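Read through the structure below, which is laid out as structure tokens, and then see the notes.
Just so it is clear, none of the values below were taken in a lab; they were calculated from the coordinates. What you see is a predicted model; the values in this text were computed from it and never measured. When we count neighbours, we look across all protein chains shown, and the Cβ atoms used for this are built from the backbone with ideal geometry, even at glycine.
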Amino acid sequence: MPVVIYVLAAVPVAGALCGMVYSLFTLWCAVSFRSQKADSPSAKFIPPVSILKPLCGMDPHAYESLRSHCVQDYPVFEIIFGVADPADEIIPAVQQLMAEFPSVRSGGVLI
């Protein structure tokens with residue numbers, strides 16, 4: 001019977017040892033991962049982007065909101081405006097915006 005007591009006493013000790021070994025292993029993995037140098041993307045590569053702007057109706061600050069897309073500091077971008085209704089009241093504001101910023105590539109108003 002005393003052997004059973006020793007075995008039962010060894011189970012929690014073995015569990016504690018396994019937990020400590022696992023904790024040390026995860027700590028080692030974290031330290032080795034942090035010590036690796038990350039591949040940094042090339043600072044020269046800046047991909048062009050397309051901004052797809054769905055529009056519907058006119059709100060009080062619509063023009064200022066759309067204008068903020070045109071004055072952003074990004075080298076190469078285009079803005080594509082989309083409306084569902086060819087008679088939407090936002091279309092004149094978009095046309096005014098395109099006239100104000102002719103250097104910004106625009107896909108126009110897509111219906």
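Taking the Cα centre as origin and putting +1 on Lys and Arg beta-carbons and -1 on Asp and Glu beta-carbons, what dipole magnitude results for the chain, to the nearest 20 debye?
Values: 6 positive and 9 negative charges, 165 e Å.
It comes to approximately 800 debye.
Select from 26, 60, 72 the residue farthest towards the positive end of the dipole of the chain; place +1 on Cβ of Lys and Arg, -1 on Cβ of Asp and Glu, and compute about the Cα centre.
In the chain, that residue is 26.
Report the net charge of residues surrounding residue 78, where surrounding means a beta-carbon distance below 14 angstrom and charges are Lys +1, Arg +1, Asp -1, Glu -1. Each step should come with its number before you reach the end.
Values: positive: 53, 105; negative: none.
That works out to +2.
Given H placed on each backbone N at 1.01 Å, which residues far from residue 104 in sequence or on other chains put an amide H within less than 5 Å of it?
Placed amide hydrogens put nothing under 5 Å from residue 104.
If you compute volume of the Cα convex hull per residue in Å³ for the structure shown, which of (i) 224; (ii) 139; (iii) 120 do you land on?
The value computed from this structure is option (i).
Quote the relative contact order of the chain in percent (integer), defining contacts as alpha-carbon pairs under 8 Å separated by 6+ residues. Could the numbers behind the result be given before it?
Numbers: 86 pairs, mean separation 27.1, N = 111.
Once divided by the residue count of the chain, the mean separation gives 24 percent.
Short version: ³J(HN,Hα) in whole Hz for each residue of region 2-17, in order, from phi by Karplus 6.51 cos²θ - 1.76 cosθ + 1.60 (θ = phi - 60°), x for Gly and Pro, what are they?
Listing the rounded values in order: x, 5, 4, 5, 5, 5, 5, 6, 6, 4, x, 5, 5, x, 5, 5 Hz.
Under 5 Å between amide H atoms, partner at least 5 residues away or on a different chain: which partners does residue 51 have, H built in plane at 1.01 Å?
For residue 51, the qualifying residues are 78, 79, 80.
Rounded to the nearest 500, what is the 222 nm mean residue ellipticity of the chain from helices alone, with -39500 (n - 2.57) per DSSP H run of 4+ residues and division by all residues? All intermediate terms of the calculation are to be shown ahead of the outcome.
Details: 3 runs with 53 residues, N = 111.
When only DSSP H runs of four or more count, the value is -16000 deg cm²/dmol.
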